[in-house]
Structure formats: structure tokens, C-alpha cells
Amino acid sequence: MLWANKGIVLARAGRYQDSLASCDKALILNPNDESSYYGKSCCYVLQGDIELTIENLQQAINLNPCRCRSEARTNPDFDSIRNDARFQALLQG
């Protein structure tokens, strides 16, 4: 989880490659770490890559639906896709 949290902080600082590397390291250590997939989705949405955002957010939700949906509903990182039908579908379950 430490590597995933670092990844989210790096993404918000605009250090996208470092962010993804940190999340990937977390996934090597624990392939079922929803925080890493969530962190990657935050990184991708900040870069404007909707496809990879949705793909990684789906993975995070698959692993921990309640927590990840709750966080995504209020996380300002997702404001740019808040009205996207795919994003809305993920939040609905």
C-alpha cells in the first residue's frame, strides 16, 4: 500500500512515469492490491487517458468494490470524466 500511496502523490505532482512505476512495484509485491490499481487510474485520468483509467478503476473495484466506489465518487481527480457513461456504470455496480 505504501508504494500505491506514493504513486498517487506522484501523479498529483505531475510525475506520471514515476507514479506508474510506483504502482507497478506495489502490484509486483501484491497483485491483489486494489490501491495500486486505483492509483494507476488516478494517474491515467490526470493524463487524460480515459481507456486506461476505466480499465484500472475496474480492476480496483473488482478487488474492493465498496471502498473504491466510495473514493471514486468524491475524488476530484475524476472530475474530468464524472459524466462519462463508463465511469458512471462503474460507480453503480
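The values are calculated or read from the model by the stated rules, or taken from the named source; none is laboratory data. Values in this document were obtained by computation on a predicted structure and should not be read as measured data. Note that each Cβ is placed from the backbone with ideal geometry, even for glycine, and that neighbours are counted across all protein chains shown. Accessible surface is based on the protein model in full, side chains and every heavy atom, while ligands, DNA and RNA are left aside. Shrake-Rupley method; radii C 1.70, N 1.55, O 1.52, S 1.80 Å.
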inquiry  = Return the residues of the stretch 31-51 that are in contact (Cβ under 8 Å) with a residue 12 or more places away in the chain and farther than 17 Å from Asn75 by Cα; say none if nothing qualifies.
reply    = Asn32, Asp33
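Within the stretch 44-62, can you find the residues that are in contact with a Ser or Thr (Cβ under 9 Å, 6 or more places away or on another chain), among the hydrophobic types (A, V, I, L, M, F, W, C) and at pLDDT 95 or above?
Scanning the stretch 44-62 gives Val45, Ile50, Leu52, Ile54, Leu57, Ala60.
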note = Selection from the stretch 13-44 of residues among the basic types (Lys, Arg) and either under 14 Å from Gln59 (Cα atoms) or open to solvent by less than 30 Å² (accessible area, probe 1.4 Å) (or both) yields Lys40
ask   = Does any residue in the stretch 57-75 that is on the phi > 0 side of the Ramachandran plot come within less than 7 Å, Cβ to Cβ, of a residue that is surrounded by 18 or more Cβ atoms within 10 Å (Cβ to Cβ) six or more places away or on a different chain, and which pairs are these?
value = none
query = Take the residues of the stretch 48-74 that are exposed (fewer than 15 other Cβ atoms within 10 Å of the Cβ) and among the polar types (S, T, N, Q): which is nearest to Gly14 (Cα to Cα)?
reply = Thr74
key: Hits in the stretch 75-88 (condition: charged (D, E, K, R), touching a helix residue (DSSP H, G or I) at 6+ places or on another chain (Cβ under 6 Å) and open to solvent by less than 90 Å² (accessible area, probe 1.4 Å))   = Asp77
inquiry  = Filter the stretch 1-12 down to the residues that are open to solvent by 50 Å² or more (accessible area, probe 1.4 Å) and touching a residue at least 12 places away in the same chain (Cβ under 8 Å) and list them by number.
reply    = Met1, Leu2, Trp3, Asn5, Lys6, Arg12
